[in-house]
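Novice: The structure that follows is given in the form of C-alpha cells.
The values are calculated or read from the model by the stated rules, or taken from the named source; none is laboratory data. Small disclaimer: the values here were computed from a predicted structure and weren't measured. Backbone-built Cβ (ideal geometry, glycine too); neighbour counts: all protein chains shown. We work out accessible area using only protein heavy atoms, side chains counted, and drop any ligands, DNA or RNA first. Shrake-Rupley method; radii C 1.70, N 1.55, O 1.52, S 1.80 Å.
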Amino acid sequence: MKSERIPVKSFSADNGFIGKMQKLVREEVLPYQYNILNDAIPGIEKSHAIENIRLAAEKLRGKDVKPDEFYGMVFQDSDVAKWIEAAAYALAAGEDPELEKAVDETIQLYGASQHEDGYVDSYFTVKCPDKMWTNICDAHELYCAGHMMEAAVAYYEVTGKRELLDIMSKSADCIYEQFMKKNTRAYPGHPEVELALMRLWRATGNEKYKELAKHFVDVRGQAPNYFVEEKKNRGWNVWDGAEELNTDYTQSTLPVREQKDAVGHAVRAVYLYTGMADVAKETQDETLLAACRNLWESITKRRMYITGGIGSTFMGEAFTVDYDLPNDTVYAETCASIGLIFFARQMLQLEAKGEYADVIERALYNTVLAGMQLDGKRFFYVNPLEVVPGISGKAATQTHDLPQRPPWYACACCPPNVARLLSSIGSYAYGEGQDVFYTHLYLGGTVRSAQGFSLECHTDYPRQGTAKFTFHGDKETTLAFHIPAWSQKTSLSVNGEAQELAALLRDGYAYLTRSFQEGDVIELSFDMTPYKVYASSKVPADTGCAAVQRGPVVYCAEGVDNGGDVLSLSLREGGALWEKPYDPDLLGGIVPLAAEGWRTQPTQELYSRERPQRQAADIRLVPYYTWGNRGENQMRVWLPEN
Ligand code: ZN
C-alpha cells in the first residue's frame, strides 16, 4: 500500500529519548555549527563556508575578489544548505527568533550570490567562473544546488517564507536550461539533485522539476559513458592527481534500470536510489521500481553492517563486494547510513513492508546516533565496529578509523546531516495513505494526521519496549503499526483488550481498522530481551563471533567497562545475557547489559604453541551509539564466542 511522508510540522516530540536529541540539536548543535560555518570558533578545522558565499556576492557586485580567497571543498556551500535545512526543522518545534534571524540573513546573503541566470555556487563564482558546468563528474554544482533546494523546501514548509524557495526555483530553471537543452547527456557525479528536484516539484507544483529529476535518472549510465567523455575533453579537475576514472564510483557503469548491485561511493549510491525510488513512485515506473528493489536487496542482504553502516572501504568511501564487511578497516560513513534511511523511507512510501522500517531503526539507533558525541559537539565521519587505540587511526589501512570523534572536519558533510535527520525524524516515523495512518518508528510525542485526528505516544523506546498511543478525535480509519522483526513476542491491545496479532499482521505491520474515538488507547509491547546475533558464515570478518542486541540497539564492549582490554574477551557459548538496571546517569541514560564470557590471560610472544589460559568473566556491554564518549579505549561489536 502506498503512503506519503507526513510534514515535519505534524509531529512534536515530548521530552523522551528523541525529544531530548532534538533539543540537543536545537540548543547545542545548531548554534555550534552556525559558529563554525562563520569561522567563529578558533582552534578547530576552518569552515569558511559563509565567507565563501559572501565573497561570491561581493564579486557579483563588482568587488575585486581573488580566486584564492575561496577556501575549502568544492562542495563547501552544501554545509550551509544542510544547516539551514536542519534549522528549518528545528523551528518546526517552536519559535526561535534568533535562529530564524540567522537563517534569514544567511538566505539573503546566498541570494546575493546568485547570478542573473539563476546559477549559484560560491566555488565557481569566486574561483573559476569560466569553468561552470564543465566538470559535472566531480565539481558538485548539482549536489550543492540539490541540498539548497531541500533547505528551501524545508524552510518554506515550516515558516511559509518563500525567499529561498524562489532563489532555488530560479536555480532549478537554470539547471533545466543547461541539462534539458544544452548538455542533455550529463547527469550529476554526486547524486542528490534528483531527490531534491522531486521535493521542489512537490513544493512548487512546477512539473519541469519532476521532468528534470526523471531525466537525470534516465540518462545516467547510458553509453558511451558521459564522465569518460567529459574527462577526455576537459583538461582540468577539482581534485589533485589524475586517477583512473572508475564509473562504478559514480554508479554510472550501467543505466540505472540495469543495475543490480550497490556499487561505488556509498553516499552517492543511496542518494541516487532515493531519487530513483521517488521517480518510480511518481511515474508508476515498474522497471525502475524493480531496480530499486534489487539494489535494496544487494545492500541489506549482503553489504550492510549490523549497525546499519554501509561502505566497506575507505578507497572511494565505497561498497566493495558481497559479504566483505571488515569491522576495523570499515568506512560506514555517517552520511551513508542517513542516505540509507532516505532510501528506506522512499521504499516504504511505495510499499508498506516492515523490512524498510527495520533498516531505518538499525541505521538510526546505531550508526547515525554514534555519529555524534552525546554533547552534540564532536562527530564521527567513519563508524568502525572495532577500535584498538594504537592501531585504529594509526595503521596505514586504518588512518580513517578514528578512536575519538573530532570537533569538525575539512569535509564536514556528516555533522549537519545528523542535525537535519534528527530534527525531522517525525517525517520518517509516520506515513499517511488513503484512509490509513502508519507508525514506522516509536517516538514519544504527538502526531497529527491529515485525516483530522492526532495520536499521542508515550514511550521510552528504545530503552523500553512499550508504546502507549492515545487517540484524539473521532474517525473511522486504519492505524498500522510497525512490528519490528527482532521482537519475538509482541502484544497489542485496544482499550485494554488484547488483540490477536497474527490476524492483524501483514508484511511487518499490524492493521487496526475501526471507528476510533476520543481517548481510545492502543498499547504495544515488544520483547526487549537481549539476544545474540550471528552473521552469515559467508562474512569472513565475523566467523566464530556473536554480537549482542537489545531491541533495535546493537551493543558493544568498551575497554572502560572491561578493565581496559576488550581483545581478550569472548562470549561463552550458550552463556547468559542479562540487563543491568537502567542508569540515568550513564551515557545519557542507558540500559547496560552483561554477558557471561571468558577472559584470556595476556601473552607476550607473537606466536606460541601454548593455548592461553582463560577464566570466566562477566562482559559489560553498552549501546554502540554511546561508544567513544569516555576517552580513548578499545571497542568491539563482534566478540568471539567459545
Ligand atoms: Zn558525511
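Novice: Could you run through the range 33-63 and say how many residues are under 24 Å from the mean Cα position of the chain (by Cα), surrounded by 17 or more Cβ atoms within 10 Å (Cβ to Cβ) and among the polar types (S, T, N, Q)?
Specialist: Selection size over the range 33-63: 2.
Novice: Go through the residues of the range 175-192 one by one and say whether even a single one is over 24 Å from the mean Cα position of the chain (by Cα), part of a helix (DSSP H, G or I), in contact (Cβ under 8 Å) with a residue 24 or more places away in the chain and under 21 Å from Thr106 (Cβ atoms).
Specialist: Checked the range 175-192: no residue is over 24 Å from the mean Cα position of the chain (by Cα), part of a helix (DSSP H, G or I), in contact (Cβ under 8 Å) with a residue 24 or more places away in the chain and under 21 Å from Thr106 (Cβ atoms).
Novice: May I pose another question? Go through the range 1-43 and give me each residue that's small (Gly, Ala, Ser), in a helix (DSSP H, G or I) and under 15 Å from Ala102 (Cα atoms). Quick ask: steps written out before the conclusion?
Specialist: Restricting attention to the range 1-43, the residues satisfying the condition of being small (Gly, Ala, Ser) are 3, 10, 12-13, 16, 19, 40, 43.
Retained after the next criterion (residues that are in a helix (DSSP H, G or I)): 10, 19.
Of everything in the range 1-43, nothing turns out to be small (Gly, Ala, Ser), in a helix (DSSP H, G or I) and under 15 Å from Ala102 (Cα atoms).
Novice: Within the range 433-447, track down each residue that is under 11 Å from Leu348 (Cα atoms) and among the charged types (D, E, K, R).
Specialist: Passing the criteria: none in range.
Novice: (1) crowded, with 24+ Cβ neighbours inside 10 Å; (2) closer than 20 Å to Lys301 by Cβ; (3) more than 16 Å from the ligand (Cβ to nearest atom); (4) small (Gly, Ala, Ser): which one isn't true of Ala363, the others all being true?
Specialist: Evaluating Ala363 over (1) crowded, with 24+ Cβ neighbours inside 10 Å; (2) closer than 20 Å to Lys301 by Cβ; (3) more than 16 Å from the ligand (Cβ to nearest atom); (4) small (Gly, Ala, Ser) leaves (3) as the failure.
Novice: State all residues of the range 520-573 that are touching a Phe, Trp or Tyr at 6+ places or on another chain (Cβ under 7 Å), closer than 11 Å to Glu641 by Cβ and small (Gly, Ala, Ser); if no residue qualifies, say none.
Specialist: Selection gives Ala546, Ala547, Ser570.
Novice: Still on this structure: State all residues of the range 314-360 that are away from the ligand (no atom under 16 Å from the Cβ), assigned to a helix (DSSP H, G or I) and closer than 30 Å to Gly393 by Cα; if no residue qualifies, say none.
Specialist: Of the residues in the range 314-360, the ones away from the ligand (no atom under 16 Å from the Cβ) are 315, 320-329, 344-360.
The next check asks that each one be assigned to a helix (DSSP H, G or I); those that pass are 344-350, 354-360.
Of everything in the range 314-360, those that are away from the ligand (no atom under 16 Å from the Cβ), assigned to a helix (DSSP H, G or I) and closer than 30 Å to Gly393 by Cα turn out to be Val359, Ile360.
Novice: Here is a list: Ala93, Ala87. Which entry is in contact with a strand residue (DSSP E or B) (Cβ under 8 Å, 6 or more places away or on another chain) and under 30 Å from Met21 (Cβ atoms)? Spell out how you get there, then give the answer.
Specialist: Details: Ala87 fails: in contact with a strand residue (DSSP E or B) (Cβ under 8 Å, 6 or more places away or on another chain).
Answer to the selection: Ala93.
Novice: With (1) in a loop (DSSP other than H, G, I, E, B); (2) touching a Ser or Thr at 6+ places or on another chain (Cβ under 8 Å); (3) of a type in the set (Lys, Arg) as the list, and Arg599 as the residue in question, which single condition is left unmet?
Specialist: (1)
Novice: Can you name the condition, by its number, that Leu374 falls short on among (1) open to solvent by less than 40 Å² (accessible area, probe 1.4 Å); (2) more than 11 Å from the chain's Cα centre (by Cα); (3) within 12 Å of Thr626 (Cα to Cα)?
Specialist: Condition (1) is where Leu374 drops out.
Novice: Quick check, is Thr397 surrounded by fewer than 20 Cβ atoms within 10 Å (Cβ to Cβ), in contact (Cβ under 8 Å) with a residue 60 or more places away in the chain and over 26 Å from Ala546 (Cα atoms)? Talk me through it step by step, then tell me what you get.
Specialist: Working: surrounded by fewer than 20 Cβ atoms within 10 Å (Cβ to Cβ): yes; in contact (Cβ under 8 Å) with a residue 60 or more places away in the chain: yes; over 26 Å from Ala546 (Cα atoms): no.
When the stated conditions are applied, Thr397 does not pass them.
Novice: Scan the range 377-394 for residues that are at pLDDT 95 or above, open to solvent by 30 Å² or more (accessible area, probe 1.4 Å) and either under 28 Å from Phe17 (Cα atoms) or within 12 Å of the chain's Cα centre (by Cα) (or both) and report the count.
Specialist: 1
Novice: Related question: Identify all residues within the range 419-434 that are within 16 Å of the ligand (Cβ to nearest atom) and either closer than 21 Å to Asp358 by Cα or part of a loop (DSSP other than H, G, I, E, B) (or both); write none if there are none.
Specialist: Arg420, Leu421, Leu422
Novice: Is it the case that the range 169-177 has a residue that's among the polar types (S, T, N, Q) and touching a Gly at 6+ places or on another chain (Cβ under 8 Å)? Break it down stepwise before answering.
Specialist: Applying the first criterion (among the polar types (S, T, N, Q)) to the range 169-177 yields 169, 171.
If we keep only those that are touching a Gly at 6+ places or on another chain (Cβ under 8 Å) as well, we get 171.
Yes, the range 169-177 has at least one match.
Novice: On to the next question. Sort through Lys208, Lys214 and tell me the only one that's modelled with pLDDT of 95 or more and over 24 Å from Glu258 (Cβ atoms).
Specialist: Only one candidate passes the filter, namely Lys208.
Novice: Condition first: in contact with a strand residue (DSSP E or B) (Cβ under 7 Å, 6 or more places away or on another chain), open to solvent by 30 Å² or more (accessible area, probe 1.4 Å) and among the β-branched types (Val, Ile, Thr). Now tell me which residues in the range 300-328 satisfy that.
Specialist: Answer for the range 300-328, where residues must be in contact with a strand residue (DSSP E or B) (Cβ under 7 Å, 6 or more places away or on another chain), open to solvent by 30 Å² or more (accessible area, probe 1.4 Å) and among the β-branched types (Val, Ile, Thr): just Thr320.
Novice: If we scan the range 245-266, do we find a residue that is open to solvent by less than 40 Å² (accessible area, probe 1.4 Å), touching a strand residue (DSSP E or B) at 6+ places or on another chain (Cβ under 9 Å), assigned to a helix (DSSP H, G or I) and within 16 Å of the ligand (Cβ to nearest atom)?
Specialist: Step one: of the range 245-266, the residues open to solvent by less than 40 Å² (accessible area, probe 1.4 Å) are 247, 250-252, 255-256, 259, 262-266.
Checking the rest, the ones that are also touching a strand residue (DSSP E or B) at 6+ places or on another chain (Cβ under 9 Å) come to 250-251, 262-266.
This time we only want the ones that are assigned to a helix (DSSP H, G or I), so: 266.
Retained after the next criterion (residues that are within 16 Å of the ligand (Cβ to nearest atom)): 266.
Yes, the range 245-266 contains a residue that is open to solvent by less than 40 Å² (accessible area, probe 1.4 Å), touching a strand residue (DSSP E or B) at 6+ places or on another chain (Cβ under 9 Å), assigned to a helix (DSSP H, G or I) and within 16 Å of the ligand (Cβ to nearest atom).
Novice: Determine, yes or no, whether Gln284 is over 16 Å from the mean Cα position of the chain (by Cα), open to solvent by 40 Å² or more (accessible area, probe 1.4 Å) and on the phi > 0 side of the Ramachandran plot. Give the derivation first.
Specialist: Details: over 16 Å from the mean Cα position of the chain (by Cα): yes; open to solvent by 40 Å² or more (accessible area, probe 1.4 Å): yes; on the phi > 0 side of the Ramachandran plot: yes.
The answer is yes for Gln284.
Novice: Could you pull out the residue among Pro416, Pro406 that is within 16 Å of the ligand (Cβ to nearest atom), buried (at least 24 other Cβ atoms within 10 Å of the Cβ) and either not in a loop (DSSP other than H, G, I, E, B) or not hydrophobic (A, V, I, L, M, F, W, C) (or both)? If you could, list the steps in order and put the result at the bottom.
Specialist: Working: Pro406 fails: buried (at least 24 other Cβ atoms within 10 Å of the Cβ).
None of the other options fit; the residue is Pro416.
Novice: Is it the case that some residue within the range 564-575 is within 19 Å of Met528 (Cα to Cα) and either of a type in the set (S, T, N, Q) or open to solvent by less than 50 Å² (accessible area, probe 1.4 Å) (or both)? Please lay out each step first, then the result.
Specialist: Start the filter on the range 564-575 by keeping residues that are within 19 Å of Met528 (Cα to Cα), which leaves 574-575.
This time we only want the ones that are either of a type in the set (S, T, N, Q) or open to solvent by less than 50 Å² (accessible area, probe 1.4 Å) (or both), so: 575.
Checked the range 564-575: at least one residue is within 19 Å of Met528 (Cα to Cα) and either of a type in the set (S, T, N, Q) or open to solvent by less than 50 Å² (accessible area, probe 1.4 Å) (or both).
Novice: On the basis of being outside any loop (DSSP other than H, G, I, E, B), more than 16 Å from the ligand (Cβ to nearest atom), under 27 Å from the mean Cα position of the chain (by Cα) and farther than 28 Å from Met528 by Cβ, does Glu476 make the cut?
Specialist: Numbers: outside any loop (DSSP other than H, G, I, E, B): yes; more than 16 Å from the ligand (Cβ to nearest atom): yes; under 27 Å from the mean Cα position of the chain (by Cα): no; farther than 28 Å from Met528 by Cβ: yes.
When the stated conditions are applied, Glu476 does not pass them.
Novice: For the range 205-232, what are the residues that are assigned to a helix (DSSP H, G or I), open to solvent by 50 Å² or more (accessible area, probe 1.4 Å) and not aliphatic (A, V, I, L, M)? Can you show your working first?
Specialist: Step one: list which residues in the range 205-232 are assigned to a helix (DSSP H, G or I), which gives 207-219, 226-232.
Now drop any that are not open to solvent by 50 Å² or more (accessible area, probe 1.4 Å), which leaves 207-208, 211, 214, 228-229, 231-232.
Once the filter is applied, which keeps residues that are assigned to a helix (DSSP H, G or I), open to solvent by 50 Å² or more (accessible area, probe 1.4 Å) and not aliphatic (A, V, I, L, M), the range 205-232 yields Glu207, Lys208, Glu211, Lys214, Glu229, Lys231, Lys232.
Novice: State the number of residues belonging to the range 371-392 that are over 21 Å from Met304 (Cα atoms), touching a residue at least 60 places away in the same chain (Cβ under 8 Å), away from the ligand (no atom under 16 Å from the Cβ) and in a loop (DSSP other than H, G, I, E, B).
Specialist: So the answer is 6.
Novice: While we're on this one: Filter the range 425-468 down to the residues that are within 21 Å of Thr490 (Cβ to Cβ) and basic (Lys, Arg) and list them by number.
Specialist: Arg463, Lys468
Novice: Taking the range 279-313 as the search range and keeping residues that are touching a residue at least 40 places away in the same chain (Cβ under 8 Å) and either part of a loop (DSSP other than H, G, I, E, B) or within 16 Å of the ligand (Cβ to nearest atom) (or both), which one is farthest from Leu195 (Cα to Cα)?
Specialist: Top of the filtered list is Ile306.
Novice: For Arg202, only one of the following conditions fails: (1) over 26 Å from the mean Cα position of the chain (by Cα); (2) open to solvent by 40 Å² or more (accessible area, probe 1.4 Å). What is its number?
Specialist: Among (1) over 26 Å from the mean Cα position of the chain (by Cα); (2) open to solvent by 40 Å² or more (accessible area, probe 1.4 Å), Arg202 violates only (1).
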